[in-house]
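**Q** There's a structure below that I have some questions on.
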Amino acid sequence: MTEKLFYKNAYIKEFVAKGRGQRQDENGEWYVVLDATAFYPTGGGQPFDTGTLNGRKVVKVEEIDGEVRHYVEEKLANIEKVSGEIDWQRRFDHMQQHAGQHILTAAFEELFQIHTVSFHLGKEVSTIDLDQGQISEELFFEAERRANEIVLENRLIEAKWVSQSEAAQYKLRKELSVTENIRLVIIPGYDYNGCGGTHPSSTGEVGMIKILDWEKQRNKVRVHFICGDRIKTQLQQKHSILKELSQLLSASEKQLPIATEKLLDLNKSQAKVITDLQEQCIQLEAEQLMKSLKDWSGAKVIAKVFTNRSFQQLQRLAHIMIEHGQGVNVFFITENLDKIQFVFSRDKAAKINMKTLANEIFPLINGKGGGSESTVQGGGELKITGGEILSKLQNLLSSPKV
């Protein structure tokens, strides 16, 4: 068993230990086992610590069968004496978030008897899942207010190892998951909870707790929150974004919602104008294309190869061509970079089997698509040109099989 120095003192940043082994796991990754460590392994919703061993980066720490494995970016040259250094910024952030979770969870318990069923400490935002189907906005604000009262009171946070009978003397927030090696994290007079994570020595070091959002998850509610230095980081990010938006929209921060709404309304209006103009252009283009009606083996055909046209535009053009029911067959192809797409369609008075034609074209372009005897659309690789496809179609129409 590795001696866990972080349980003796969560503020240890550097330590010296003796290596007990250095091996590769089933994935070929090197890890080091020490007789003692200040590195916290993944567990209890809290991520692992990072840092260095003899100057080599520790990329993850996992506990397997009581063995704390320090995964390193490369094999250590010597493990007789190993100097370890914790990434303190990461560790203290985890301590703030984890203690903040205890405080916030206890606030929901104390005020509303709402239980926390799970906790996740994320890289940027942490979450708790509350055993409640729906919660009003006022309850979140009240729980946040109470949690920050506890932070400002700078109460003691203590951790102690107890027996099962000793643990029974405390008003625990939730049932213990173990019967031995029981570690309690206690905020006297407020929260008593079994926990194996690292925490600061007082609630004041959590700094502040802020609920960012919440969402319903089946029969529970997920609460997104941040604590301590993360609040300062996010506040600075949001301030920078708001400042930039204020300059772009020529509006103060308070006026940004109104300015944004006006901009969205303008964009919607302009988008409608653009759509109307595009439709007019399509209609004009369709009128011109109708003048290019050809006769292919007795069939009325409108055929054209486009460049860099959208599939939707081809579909719209084809629809306009066939909506009058004059026995028209449409073959539209677009070449877009190394891809080729097509729409083959006919009106009700025409008889050509478009599906049969498409099946002759797909192998030539390593393509695929679908449709019916009257309309088919598809695409593939630009292995032959659109002009060559039209020539192939013209030849096929002279065949009695089509």
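**Q** So, by mean Cβ neighbours within 10 angstrom, what's the order for 379-387, 271-279, 176-184 with the highest one leading?
**A** 379-387, 176-184, 271-279
**Q** Give the label of the value calculated from the structure for Kirkwood radius over Cα pairs in Å, choosing from (1) 21.5; (2) 25.4; (3) 27.7.
**A** Here the calculated entry is (3).
**Q** Just in segment 295-363: which GluC sites (Glu not before Pro) are loop by DSSP and have at most 15 other Cβ atoms within 10 Å? List each step's numbers first, then the result.
**A** On the way: sites: 323, 335, 360; in loops: 323.
Counting only loop positions with at most 15 other Cβ atoms within 10 Å, the GluC sites (Glu not before Pro) in segment 295-363 are 323.
**Q** Then there is this: So for segment 289-395: antiparallel DSSP bridges make up what percent, rounded to the nearest 5?
**A** Of those bridges, close to 75 percent are antiparallel.
**Q** Another question, if that's okay. Using a 7 Å offset from the Cα along the Cα-to-Cβ direction at both residue 149 and residue 312, what is the distance between the two label points in nm, to one decimal?
**A** About 5.5 nm separates the two model spin labels.
**Q** Further question: In Å², and per residue, what accessible area does the chain have when probed at 1.4 Å with the other protein chains present?
**A** For the chain, the solvent-accessible area averages 55 Å² per residue.
**Q** Can you classify segment 135-286 as rounded, prolate or oblate using the Cα gyration tensor, where a ≥ b ≥ c are the square roots of its eigenvalues, rounded means a/c under 1.5, and otherwise it's prolate if a/b beats b/c and oblate if not?
**A** Prolate, since a/c reaches 1.5 and a/b exceeds b/c.
**Q** Peptides 132-140, 197-205: what's the order by average Cβ count within 10 Å, highest mean first? The partial results should precede the final answer.
**A** Values: 132-140: 12.9, 197-205: 20.0.
For the peptides 132-140, 197-205, the packing ranking is 197-205, 132-140.
**Q** Moving on to the next point. May I ask you to give the percent of accessible area on segment 43-153 that is carbon plus sulfur, with a probe radius of 1.4 Å?
**A** On the way: 2340 of 5150 Å².
Percent of accessible area from carbon and sulfur atoms in segment 43-153: 45.
**Q** Additional query: Anything over 19 Å Cα to Cα? Flag those among 210/238; 294/392; 294/351; 60/174; 18/57; 355/392, in the order listed.
**A** Those over the limit are 60/174.
**Q** Moving on. Within the chain, what percent of beta bridges assigned by DSSP are antiparallel, to the nearest 5?
**A** 90 percent
**Q** Rounded to the nearest percent, how much of the accessible area of segment 222-297 (1.4 Å probe, protein heavy atoms only) is carbon and sulfur? Let's see the in-between values first.
**A** Values: 3410 of 5690 Å².
Within segment 222-297, the accessible surface is 60 percent carbon and sulfur.
**Q** On to the next question. Rounded to the nearest 0.05, what FRET efficiency do residue 26 and residue 76 have when you use their Cβ-Cβ distance and R0 = 22 Å?
**A** Working from the Cβ atoms, E equals 0.65.
**Q** Please compute the net charge surrounding residue 148, taking Lys and Arg as +1 and Asp and Glu as -1 over other residues with Cβ under 13 Å from its Cβ.
**A** Summing Lys/Arg as +1 and Asp/Glu as -1 gives 0.
**Q** Further question on the same structure: Could you name the aspartates and glutamates whose alpha carbon sits less than 16 Å from that of residue 348, not counting residues in the same chain fewer than 8 places away?
**A** Partners found: 323, 373.
**Q** What distance in nm separates the two pseudo spin-label positions at residue 248 and residue 216, each 7 Å out from Cα along the beta-carbon direction?
**A** Placing both labels 7 Å beyond Cα along the Cβ direction yields 3.3 nm.
**Q** Give me the aspartates and glutamates in straight-line cross-link reach of residue 300: C-alpha distance below 12 Å, same-chain residues under 8 apart excluded.
**A** Reachable aspartates and glutamates: 347.
**Q** Exactly which chymotrypsin sites (Phe, Trp or Tyr not before Pro) in segment 1-95 are in a DSSP loop and have at most 16 other Cβ atoms within 10 Å?
**A** Here the sparse-neighbourhood loop sites are 11.
The values are calculated or read from the model by the stated rules, or taken from the named source; none is laboratory data. Everything quoted here is computed from the prediction, not taken from an experiment. Backbone-built Cβ (ideal geometry, glycine too); neighbour counts: all protein chains shown. Each accessible area value is taken on the protein alone, full model and side chains, heavy atoms only, with ligands, DNA and RNA left out. Shrake-Rupley method; radii C 1.70, N 1.55, O 1.52, S 1.80 Å.
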